[in-house]
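A short write-up of the structure that comes next.
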Amino acid sequence: MAFIDARNLDDGASLSADLCIVGAGACGTTLAAELEGSPLSILLVESGGFGPDEETQALDDLESVGYPIREKFMSRARYYGGSCNLWAGRNMLLEPIDTAPRSWVARSGWPIPYAEIASYHARAARALRLPSIEAFDPSTYANRMTRDENALFAEGPLRPAISLWGTKPRRFGAAHRKRLRRSAKTRVLLQANAVRIALDREGRAVESIEARTLAGKRIEIRARSFVLACGGIENARLLLVSRDRRPDGVGNGSGAVGRFFMDHPRAVYGTVRLRKGNRIPLIRGIPLRDGKVQFGIGLSEEIQRGEGLLDHYATLEARYSAYVEQKYETMVQSAKVLLRRGYAGSRWKIGRAEFGEIPGMIYLLTPKELMPHFVYRWMTTIRRAWNPESGGNERVVVYFCEQPPDSESRVALSDERDALGIPRVRLHWKIPPEVSRTLLCLQDLLAERLETAGIGTLTPGEGEPRFSDASHHLGTTRMSDDPREGVVDRNCRAHDVRNLYLAGGSVFPATGHSSPTLTMIALALRLADHLRDDQ
Ligand SMILES: Cc1cc2nc3c(=O)[nH]c(=O)nc-3n(C[C@H](O)[C@H](O)[C@H](O)COP(=O)(O)OP(=O)(O)OC[C@H]3O[C@@H](n4cnc5c(N)ncnc54)[C@H](O)[C@@H]3O)c2cc1C
C-alpha cells in the first residue's frame, strides 16, 4: 500500500492491522515480504527512515559495563533495512551439535530439533541469494581440495567450517522495498520508534504499541498479533521498559528477558608461517561463479565431546603492515561514505577507532565487498595464477568463538535515558574462561596438524587472548519449552503473552560459532509459516 512517514501523522493518531511487526531489518522485512499476499493486513513499524540519521542512531547508544565492546563502532544500524545495511555477508549454518543439549555446556540445547531448522536452510539460502544450499557441503569441493588441505582435515580433530557469500551482501531493505510499496495489504510506518508495549487488563495479551517520532508525536498501533524484530538488544530493551502492568517488563515471568546475552568473541592470536610452495586456496577463500567460499578450521564433534570443548573455528588471514592498514582504512571510510553504508554524520568515526592489537582490516570491508563480483573473481583468479602464494607466507590466526549461555551476561536498563526519555541499555557482556580454554586447545591442535601435514609452523599468541565483539547480538529472549527457563516457546511466541512473538537472534538459546543471520532468516521464514497457518 504505502510507506508512511510518521512525522506527517497527527499527534495521537491510531493505526491498526491484523499483524504489527516492529523493526524493518533483515527479519522484519523478510517476515513482511513472506506474508505479503496472505489475507493478513500488516503494519511494519520502523524507527528510522531510508537512510542513516544521527539523532535516530543515537537512540541505540548504550552503557557498556562488562567485557569491553568496540568503541565508536556502529554495531547496529537504526534505519530501514537494519544492520544488514552494514553487514559483511558471511553466512554459515549452525551445526547439529550446536542445537543439541551438551552435558559440558550449561543450558545448551534448542527445544526444536536440528532437522526442523535445517528444513528452512534452503529457503533461507535463496532469500540471502547464496550460490546454493549444497555449497555449504564440504564434499562439494572434494575435487578442489589440495593435498595440503586434505592433510589438514584428514582423519583427525579438525574439520572444515564453511563460510559462504553471495555476489554481494544482501541488503534486505532495498531488496523488499518495491514489493512492500506495491503491496495491497502492507504498510510501512517510518520514523516511528516503538517505546512501550501496552498489555490488556489481565496482562496476558498486547493491546497496543505506542510509537513516538523524535519530535514527540505519539501514535497508537493496534493489532491482533505483534512481532518484535528490533534486533537482539532492542527486543529485550522494549520488553524491559514496558512496565505498566508488570514491574519486570513484558514477557518476563521467567526473569530471563535480557539475560544470556551472547556474541561471537573474536581474537587475533598467534601467527602461522606457511612452508614455501604451500597450497591452501580454500582456506584462503576462493571465488565461485555466484559468490565466494572459505574453509575455516573447526573442531570435530568427537573432540568437542571428548574434551568438553566449545564450538570455535579459526581462519588464517593475510597479514598487512600497519601502513597498508591505515591507507586501507581511509579508503574504506571514504567508500562507505560514498556508498552511504554506515555513514551517519559525525557518528561514523571508524577511521579513528582504536583497534588495539586486533587488525582493523578484519572488521572493515573486504576487497570482495568493495568491488563488483566479476572484478573480484577475475582479479583473484589472475593474481593466484600468477603467484599462488600471493598474500604472503605469514598469516595471522583469527579465532571465531562460541560463547556459552550465562545468565549474568546481560542487557539491563541504565539510569540514563535517550532523547525520547526511554531508559538506555546497560550491557554487561561476560566471556567465561571456557572460551579461552577452547581457543588454546584449538591453537595446539592446529599447530600440531600444520606441522605434521608439513604446511607450516604456528607461533602461539602471547598472554591472554583479547576478544572483540562481532555485532552478533543473541540470546536475550531465549527459546525454551519450559516457561520458567526462557522467554519464548518453540514457535517464538512469548510464554506469558498470547499474541506476542519475537524474531531475530534474541531467541537463540545457544549459538555455536556460526555467523547467525542465515539462522535468523530461517527462523523468520518458519515464523511466517506459523503466522499464516495460525490465522
Ligand atoms: C558491521 C557488521 C557486520 C556484520 N557482519 C555479519 C556477517 O558477516 N554475518 C552475519 O551473519 N551477521 C553479520 N552481522 C549481523 C547482522 O547484521 C545481524 O545479525 C542482522 O542484521 C540482524 O537482523 P535483525 O532483523 O534481527 O536486526 P536488525 O537488522 O538490526 O534490524 C532491526 C530493525 O529494528 C529497528 N528498530 C530498533 N528498535 C526499534 C524501535 N524501538 N522501534 C522501531 N524500530 C526499531 C532498527 O532501526 C532496525 O531497522 C553484522 C553486523 C554488523 C553491524
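The values are calculated or read from the model by the stated rules, or taken from the named source; none is laboratory data. None of the values given here were measured: they were computed from a predicted structure. Note: ideal-geometry Cβ built from the backbone for every residue, glycine included; neighbour counts use all protein chains shown.
For (1) modelled with pLDDT of 95 or more; (2) over 30 Å from R212 (Cβ atoms); (3) within 16 Å of the ligand (Cβ to nearest atom); (4) not in a helix (DSSP H, G or I), each residue gets a yes or a no:
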| site | (1), (2), (3), (4) |
| --- | --- |
| R395 | no, yes, no, yes |
| V398 | no, yes, yes, yes |
| D406 | yes, yes, no, yes |
| A419 | yes, no, yes, yes |
| E434 | yes, yes, no, no |
| Q443 | yes, yes, no, no |
| L446 | yes, yes, no, no |
| R498 | yes, no, no, yes |
Looking for something assigned to a loop (DSSP other than H, G, I, E, B) and of a type in the set (K, R) - is there at least one such residue anywhere in region 464-482? yes
Within the set of pairs 6+ apart or on separate chains, which have a first residue in region 508-535 that is in a helix (DSSP H, G or I), a second that is more than 16 Å from the ligand (Cβ to nearest atom) and of a type in the set (D, E), and C-beta atoms under 8 Å apart? R526/E116
Within region 178-199, work out how many residues are in contact (Cβ under 8 Å) with a residue 12 or more places away in the chain and either among the β-branched types (V, I, T) or closer than 15 Å to I42 by Cα (or both). 13
Among the numbered conditions (1) free of Cβ contacts under 8 Å to residues at least 60 places away in the same chain; (2) closer than 26 Å to N91 by Cα, tell me where A447 comes up short. (2)
Return yes when S47 is surrounded by fewer than 24 Cβ atoms within 10 Å (Cβ to Cβ) and either more than 9 Å from the ligand (Cβ to nearest atom) or assigned by TED's automatic domain parsing to the domain that holds R222 (or both) and no when it is not. no
Here are some conditions: (1) crowded, with 21+ Cβ neighbours inside 10 Å; (2) under 24 Å from the mean Cα position of the chain (by Cα); (3) over 19 Å from F508 (Cβ atoms); (4) modelled with pLDDT of 95 or more. G251 meets all but one. Which one does it not meet? (3)
Going by what's in this entry, would A151 be described as surrounded by fewer than 18 Cβ atoms within 10 Å (Cβ to Cβ), more than 16 Å from the ligand (Cβ to nearest atom) and either β-branched (V, I, T) or in a loop (DSSP other than H, G, I, E, B) (or both)? no
Could you check A412 against (1) among the hydrophobic types (A, V, I, L, M, F, W, C); (2) loosely packed, with under 15 Cβ neighbours inside 10 Å; (3) in a strand (DSSP E or B) and say which number it fails? (2)
I'm checking my understanding of the structure. Among residues of region 515-530 that are polar (S, T, N, Q) and near the ligand (Cβ under 8 Å from one of its atoms), which one is surrounded by the most Cβ atoms within 10 Å (Cβ to Cβ)? T517
Those residues of region 125-139 that are in contact (Cβ under 8 Å) with a residue 24 or more places away in the chain and either in a helix (DSSP H, G or I) or not charged (D, E, K, R) (or both) come to a total of 8
Name the single residue, out of those in region 50-67 being surrounded by 16 or more Cβ atoms within 10 Å (Cβ to Cβ) and among the acidic types (D, E), that is farthest from the ligand (Cβ to nearest atom). D53
How many residues does region 3-44 contain that are surrounded by fewer than 24 Cβ atoms within 10 Å (Cβ to Cβ), among the hydroxyl-bearing types (S, T, Y) and not in a loop (DSSP other than H, G, I, E, B)? 2
Please enumerate the residues belonging to region 241-261 that are more than 12 Å from the ligand (Cβ to nearest atom) and of a type in the set (A, V, I, L, M). V250, A256, V257
Would you confirm whether any residue within region 305-313 is over 27 Å from A106 (Cα atoms) and touching a residue at least 60 places away in the same chain (Cβ under 8 Å)? no
Can you tell me which of A223, A194 is outside any helix (DSSP H, G or I), within 12 Å of the ligand (Cβ to nearest atom) and buried (at least 17 other Cβ atoms within 10 Å of the Cβ)? A194
Please tell me if G255 is in contact with an Asp or Glu (Cβ under 7 Å, 6 or more places away or on another chain) and at positive phi. yes
Let me spell it out: the conditions are (1) among the β-branched types (V, I, T); (2) more than 11 Å from the ligand (Cβ to nearest atom); (3) within 30 Å of S132 (Cα to Cα), and T29 meets all of them except one. Which number is the exception? (2)
D481 passes all but one of (1) buried (at least 24 other Cβ atoms within 10 Å of the Cβ); (2) within 30 Å of G253 (Cβ to Cβ); which number fails? (1)
Counting only residues that are buried (at least 17 other Cβ atoms within 10 Å of the Cβ) and out of contact with any helix residue (DSSP H, G or I) (no Cβ under 8 Å at 6 or more places or on another chain), region 109-127 contains a total of 1
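Looking at A122, A142, A115, A100, which is the one that is free of Cβ contacts under 8 Å to residues at least 60 places away in the same chain, in contact with a Gly (Cβ under 7 Å, 6 or more places away or on another chain), more than 16 Å from the ligand (Cβ to nearest atom) and not charged (D, E, K, R)?
A100
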So which residues in region 161-191 are more than 14 Å from the ligand (Cβ to nearest atom), closer than 24 Å to Q294 by Cβ and in a helix (DSSP H, G or I), if there are any at all? none
Pairing a residue in region 459-472 that is within 16 Å of the ligand (Cβ to nearest atom) with any residue that is basic (K, R) and assigned to a loop (DSSP other than H, G, I, E, B), where Cβ atoms lie under 9 Å and the two sit 6 or more apart in sequence or on different chains, gives S468/R70; D469/R70; S471/R70; S471/R76
Here the residues within region 374-391 that are surrounded by fewer than 19 Cβ atoms within 10 Å (Cβ to Cβ), at pLDDT 65 or above and not hydroxyl-bearing (S, T, Y) are F374, V375, W378, M379, I382, R383, R384, A385, W386, N387
